[in-house]
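Report on one structure; see the data block that follows.
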Amino acid sequence: MAIIKELDTKFGIGASYHRITAFNISYSSKKITICVASYLSKEARANKSIPIEELDIAIPFSDFSSFLNVNPIVQGYEWLKQNVIGFEDAVDDFDIVEPPLPEPVIEGDVDE
C-alpha cells in the first residue's frame with residue numbers, strides 16, 4: 001500500500017509516491033513513529049529507486065488509542081491523510097509493488 005500525491009520535498013524535487021517503510025509502536029510509553037519514504041513516482045519505486053526523502057513522523061500521544069485493535073499500517077496511512085498538511089487529498093494505492101517475501105525455511109522441515 002502507498003499513497004499518491006504530488007508534494008515538494010525539502011530538496012525542491014516533486015515526489016508523488018509515498019509509502020510507510022517502518023513503524024515503531026512502544027506500548028509501554030505509548031509512542032508511535034512512522035517512517036515515510038517518498039519517491040519520484042510509482043514507476044521509480046517499482047524500478048527499485050531509492051527514496052528521494054525519508055521522514056520520521058511522531059504520532060501525538062492523543063492519537064495513540066486510534067492505533068489499537070486495528071491494522072497499524074492502514075491506520076498510519078489514514079492518520080497521514082487526516083493530520084499531515086499536503087496529504088489530505090492523497091489517493092490510496094493498493095497495488096503491490098514489492099516482490100513477495102520468500103517463505104521462511106523452518107529447520108527440520110524436509111520435503112519427502
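The values are calculated or read from the model by the stated rules, or taken from the named source; none is laboratory data. The structure presented is a predicted model; accordingly, all values stated were derived computationally and were not measured. In this analysis, Cβ positions are derived from the backbone assuming ideal geometry, glycine residues included, and neighbour counts consider all displayed protein chains.
General observations
- The condition (being closer than 20 Å to Thr9 by Cα and not charged (D, E, K, R)) is satisfied by just one residue among Ile25, Ile57, Ile73: Ile57.
- Residues satisfying the stated conditions in the range 2-27, i.e. of a type in the set (A, V, I, L, M), under 18 Å from Ile59 (Cα atoms) and out of contact with any helix residue (DSSP H, G or I) (no Cβ under 8 Å at 6 or more places or on another chain): Ala22
- Scan of the range 38-62 for residues that are surrounded by fewer than 14 Cβ atoms within 10 Å (Cβ to Cβ) and not basic (Lys, Arg), ordered by number: Glu43, Ala46, Asn47, Ser49, Ile50, Glu54, Asp56, Ala58, Pro60, Phe61, Ser62
- First in the range 16-45 and on the phi > 0 side of the Ramachandran plot, second anywhere and modelled with pLDDT of 95 or more and crowded, with 17+ Cβ neighbours inside 10 Å, Cβ under 6 Å, 6 or more apart: none
- Residue within the range 55-62 that is under 14 Å from the mean Cα position of the chain (by Cα), of a type outside the set (Val, Ile, Thr) and at pLDDT 95 or above present: yes
- Any hit, the range 32-52, residues being acidic (Asp, Glu), within 16 Å of Leu7 (Cβ to Cβ), at pLDDT below 95 and not in a loop (DSSP other than H, G, I, E, B): no
The rows are residues; the columns are (1) in contact with a strand residue (DSSP E or B) (Cβ under 8 Å, 6 or more places away or on another chain); (2) modelled with pLDDT under 90; (3) not in a helix (DSSP H, G or I).
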| site | (1), (2), (3) |
| --- | --- |
| Ser66 | no, no, no |
| Leu80 | yes, no, no |
| Phe87 | yes, no, yes |
| Val97 | yes, yes, yes |
| Pro100 | no, yes, yes |
| Pro104 | no, yes, yes |
| Gly108 | no, yes, yes |
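- Within the range 1-17, considering residues that are among the β-branched types (Val, Ile, Thr) and over 16 Å from the mean Cα position of the chain (by Cα), the one farthest from Gly86 (Cα to Cα): Ile13
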